[in-house]
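Written out below as structure tokens is the structure these notes cover.
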Amino acid sequence: MSQASVDLNPRHGEKGAFRRITVTLPPEIYERLVQESARRKIAGEPKQLLSAMLREAVTQYLGQLD
């Protein structure tokens, strides 16, 4: 499945088909995510939420496996 075929960040209320997961991260990785989220917010960039960044990272990783 290509990234182009899936909207990774649909609007609020449109994630009915998505599956929720729980992840446990080391404090250092969590802090890096928070810092990147803040950087994106200050820069006015999209995908500022941690969940959006994790979806982006997982999709990129899985794309490398193909």
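Check region 18-40 and report whether any residue there is at positive phi, free of Cβ contacts under 8 Å to residues at least 24 places away in the same chain and not aromatic (Phe, Trp, Tyr). Talk me through it step by step, then tell me what you get.
So in region 18-40, the residues at positive phi come out as none.
No: zero hits.
Sort through 8, 25 and tell me the only one that's in contact with a Lys or Arg (Cβ under 6 Å, 6 or more places away or on another chain) and not in a helix (DSSP H, G or I). Break it down stepwise before answering.
Working: 25 fails: in contact with a Lys or Arg (Cβ under 6 Å, 6 or more places away or on another chain).
After ruling out the rest, the residue left standing is 8.
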Restricted to region 44-59 and to residues being without any contact (Cβ under 8 Å) to a residue 12 or more places away in the chain and over 17 Å from residue 24 (Cα atoms), the residue surrounded by the fewest Cβ atoms within 10 Å (Cβ to Cβ) is 44
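Computed from the coordinates by the stated procedures, all read-outs in this text should not be read as laboratory data. Note that the structure is predicted; figures quoted are calculated from it, not measured. Positions of Cβ are backbone-derived with ideal geometry, glycine not excepted, and every protein chain shown enters the neighbour counts.
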